[in-house]
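See below for the structure under consideration.
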Amino acid sequence: MIIIKTAKEIERMRLSCRLAAQTLNMIAPHVQPGVSTNALNDLCHQFILDHGATPSPLHYRPSAHNPQGFPKSICTSVNQQVCHGIPGPRVLREGDIINVDITVCLQGFHGDTSKTFFVGPPTPRNSKIVRVAEECLAIGIAAAQPGNHFNAIGNAIEPHARLHRCSVVREYCGHGIGRSFHEEPAVLHYASRDKGAKLLPGMIFTIEPMINMGKPEIRILADHWTVVTKDHSLSAQFEHTILITPHGNEILTVAEEEAVATNA
Ligand code: MF3
Ligand code: CO
Ligand code: CO
């Protein structure tokens with residue numbers, strides 16, 4: 001069941017999503033050569049607590065392999081890491097790219113956003129994948145219009161990735177979000193003939209295409225979290241949480257007072 005949020009719930013979602021965006025803005029200038037992913041984690045963790053929220057990834061989804069769940073407060077995915085990278089002692093080097101994925105829970109509601117940053121100046125090698133991934137998110141958001149079906153999103157994203165000889169990861173999807181970190185539906189980023197549900201005003205979900213330079217296949221490392229490209233090609237990702245409105249959509253994960261409305 002896809003939850004349609006009430007006006008009151010939407011107001012709460014605005015607050016959690018804004019805080020997630022503010023956390024990403026806060027961390028941006030710290031993404032520099034010589035900084036460890038642990039240092040980025042600790043700064044975000046403290047910033048989130050200081051704003052009265054909790055980091056949603058911390059202890060998320062315990063399993064037999066990871067009884068404590070995800071061990072850190074943010075995800076940091078470097079170079080060929082696709083998503084769910086665990087912050088640690090790794091020190092960033094010039095020429096790396098790193099996705100920082102922030103999810104906060106504020107007053108019982110989650111907000112989820114991520115960005116891929118360049119470590120040092122962009123290079124010809126890493127700038128293309130980051131640009132294509134950012135374009136794929138924008139194209140997916142543009143397709144998320146009331147009355148469209150969910151497959152309009154992946155049907156718009158995948159041709160753009162392919163046009164640039166990049167590929168779309170299939171195993172991980174966007175998701176509904178609200179009182180739960182991951183709610184229905186799964187938002188596919190690849191083309192599908194299965195239309196899925198119709199987009200209705202009050203639906204809130206993420207779009208977060210993971211775009212690979214090479215082949216779409218992934219592997220999971222022995223830590224049972226970190227997802228990497230099977231062919232070791234670079235991967236980049238951008239994510240927003242969006243609200244479907246009567247006339248279009250609104251990006252909720254923006255740091256400004258005024259959220260961004262896109263009307264069809
Ligand atoms: N923030 C990720 C997403 O976009 C999920 C991270 S789950 C974690 O859905 F446990 F790895 F943190
Ligand atoms: Co996320
Ligand atoms: Co997400």
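The values are calculated or read from the model by the stated rules, or taken from the named source; none is laboratory data. Please read all numbers here as calculations on a predicted model, not as lab measurements. Note that we place each Cβ from the backbone using ideal geometry, even for glycine, and neighbour counts take in every protein chain shown. Only protein heavy atoms, including side chains, enter the accessible area calculation; ligands, DNA and RNA are left aside. Shrake-Rupley method; radii C 1.70, N 1.55, O 1.52, S 1.80 Å.
Only a single criterion out of (1) touching a residue at least 12 places away in the same chain (Cβ under 8 Å); (2) within 15 Å of ligand 1 (Cβ to nearest atom); (3) among the charged types (D, E, K, R) is not satisfied by Arg93, namely (2).
Among the residues making up the stretch 104-140, those that are within 16 Å of ligand 2 (Cβ to nearest atom) and farther than 29 Å from Pro159 by Cβ are Val104, Cys105, Leu106, Phe109, His110, Gly111.
Residues checked against (1) under 19 Å from Glu250 (Cα atoms); (2) assigned to a helix (DSSP H, G or I):
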residue: Asn126; (1), (2): no, yes
residue: Arg131; (1), (2): no, yes
residue: Gln145; (1), (2): yes, no
residue: Asn155; (1), (2): no, yes
residue: His160; (1), (2): no, yes
residue: Arg170; (1), (2): no, no
residue: Gly178; (1), (2): yes, no
residue: Ala191; (1), (2): no, no
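Of all residues in the stretch 244-255, those being open to solvent by 10 Å² or more (accessible area, probe 1.4 Å) and in contact with a helix residue (DSSP H, G or I) (Cβ under 8 Å, 6 or more places away or on another chain) number 3.
Here is the figure for the stretch 56-80: residues that are within 16 Å of ligand 3 (Cβ to nearest atom) and within 22 Å of Val130 (Cβ to Cβ) total 4.
Glu184 satisfies every condition listed in (1) more than 16 Å from ligand 3 (Cβ to nearest atom); (2) surrounded by fewer than 18 Cβ atoms within 10 Å (Cβ to Cβ) except (1). Residues that are closer than 22 Å to Ala28 by Cα and either open to solvent by 30 Å² or more (accessible area, probe 1.4 Å) or within 14 Å of ligand 1 (Cβ to nearest atom) (or both) within the stretch 196-225 comprise Thr206, Ile207, Glu208, Pro209, Met210, listed in sequence order. Is at least one residue of the stretch 125-143 modelled with pLDDT under 95 and either open to solvent by 30 Å² or more (accessible area, probe 1.4 Å) or small (Gly, Ala, Ser) (or both)? Yes: the stretch 125-143 contains one or more residues that are modelled with pLDDT under 95 and either open to solvent by 30 Å² or more (accessible area, probe 1.4 Å) or small (Gly, Ala, Ser) (or both). Restricted to the stretch 171-181, and to residues that are among the small types (Gly, Ala, Ser) and over 15 Å from Gly108 (Cβ atoms), which residue is nearest to ligand 3 (Cβ to nearest atom)? Ranking the candidates gives Gly174 first.
Any residue in the stretch 54-69 that is within 16 Å of ligand 2 (Cβ to nearest atom), in contact with a Pro (Cβ under 9 Å, 6 or more places away or on another chain) and basic (Lys, Arg)? No.
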